[in-house]
Amino acid sequence: TIPVDLMTPFTTFEDIMTMYNELSESGVNNINFKMTGFANGGMYSKIPSSLSWVGKVGGKSGFKKLLEQAKAINSADDDRQIGLFPDFDFAYCTENTLFDALNLKKDAIKTIDNRYSSKRQYSATQQKYVSFYSLAISPSRYSKFYEKLLKKYGKYDIHTMSVASLGTALNSDFDEDDPYNREDSKEFTEKALAALSKDYSLMTDGGNAYTWRYMDYIINMDLDSS
C-alpha cells in the first residue's frame, strides 16, 4: 500500500446556492459567503498570484455558473441579496512548489536569527505557541502577488473579494539586506488595501483599526481591547 493524498470537497459552488436557497426560504435574504479554499490548491493554498479554481468544488465553469446565479438574484426586484467573497491570503502561504511564484529568499519574512518565519497561534491546551506551517510573506512583497492576481481575477464579472488575514497580520521582517519594522508593514498593508479597494468591495477577518477605511465587511472583530 502507498499513502496518497486526496482532495475532498466540503462545500462546492452548487452547495453555496443550496445553502442560500434554504436560508432565503427561511426569511434570511441578505447573505455574504466567505469562500475559503475554492482556488489555488484548496484550504492549504499557494500564494495568490495565479488563479485556478479547484476542480473538486466545480472548477472554472462552476464558478462562472455561480456568478450568473448570484447576478440574477441581485438584479431581481426584491430584497434578496447574495454576496460572494472568494478568499485570498497575501500575508501567509502554506504551499511552495517548484512552479510557485513564491521566492523564499526574497518574499518570505525572516526572523532576527535569519530563519524563515511562520504563522503561530497560542494554544491554551498546550500552553505554548504552535505553528501551522504557513510561511509569513514580507509586506514589502504584497504588490508582487496581488497585481498578478488582479489581472486574472478582473476577467470575471465579480467586484467582491476577501483578503483573509491581511486585516490583522502585521509582521516585522528582519531580513539583513531588506529589513522592515511593524510600522513599515502597516504602510505596505494600507497600500495593498487601497489598491484592492479601488475596484472591489473587501471583506477581512479581524480587522485592525487602520484597515477600516478600506473594508466593507469585517468578520470576527474583537469587541474589546487587550
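Just to be sure I understand the filter: pairs with C-beta atoms under 9 Å, separated by 6 or more residues or on different chains, first member in segment 177-192 and small (Gly, Ala, Ser), second member in a loop (DSSP other than H, G, I, E, B). Which pairs pass? Hits for this filter: Ser185/Ser138; Ser185/Ala169; Ser185/Leu170; Ser185/Asn171; Ser185/Ser172; Ala192/Phe90; Ala192/Val163.
Among the residues here, Lys144 does not qualify as open to solvent by 70 Å² or more (accessible area, probe 1.4 Å), under 16 Å from Ser50 (Cα atoms) and either in a strand (DSSP E or B) or not β-branched (Val, Ile, Thr) (or both). Cβ-Cβ contacts under 9 Å between residues 6 or more apart (or on different chains), taken from a first residue in segment 136-149 that is closer than 12 Å to Leu102 by Cα and among the hydroxyl-bearing types (Ser, Thr, Tyr) to a second residue that is open to solvent by 10 Å² or more (accessible area, probe 1.4 Å) and outside any helix (DSSP H, G or I), are listed as Ser138/Lys110; Ser138/Asn171; Ser138/Asp175; Ser138/Asp178; Ser138/Tyr180. Tallying residues that are closer than 30 Å to Ala70 by Cβ, at pLDDT below 90 and in contact with a helix residue (DSSP H, G or I) (Cβ under 9 Å, 6 or more places away or on another chain) within segment 86-133 yields 2.
Comparison of Glu190, Glu176 shows that the only residue that is surrounded by fewer than 19 Cβ atoms within 10 Å (Cβ to Cβ) and modelled with pLDDT under 95 is Glu176. Among the residues of segment 65-82, the one identified as open to solvent by 80 Å² or more (accessible area, probe 1.4 Å), in contact (Cβ under 8 Å) with a residue 24 or more places away in the chain and in a loop (DSSP other than H, G, I, E, B) is Asp79. Residues that are outside any helix (DSSP H, G or I), polar (S, T, N, Q) and under 13 Å from Ala169 (Cα atoms) within segment 189-226 comprise Thr204, Asn208, listed in sequence order.
Taking the criterion of being without any contact (Cβ under 8 Å) to a residue 60 or more places away in the chain, assigned to a helix (DSSP H, G or I) and touching a helix residue (DSSP H, G or I) at 6+ places or on another chain (Cβ under 9 Å), the residues of segment 16-38 that qualify are Met17, Ser24. For the structure I just gave you, tell me whether Gly41 is open to solvent by 30 Å² or more (accessible area, probe 1.4 Å), in a loop (DSSP other than H, G, I, E, B) and at pLDDT 90 or above. In short, no.
The values are calculated or read from the model by the stated rules, or taken from the named source; none is laboratory data. Note that the structure is predicted; figures quoted are calculated from it, not measured. Virtual Cβ from ideal backbone geometry, glycine too; neighbours counted across all protein chains shown. Protein only, heavy atoms only, side chains kept; ligands, DNA and RNA dropped before computing areas. Shrake-Rupley method; radii C 1.70, N 1.55, O 1.52, S 1.80 Å.
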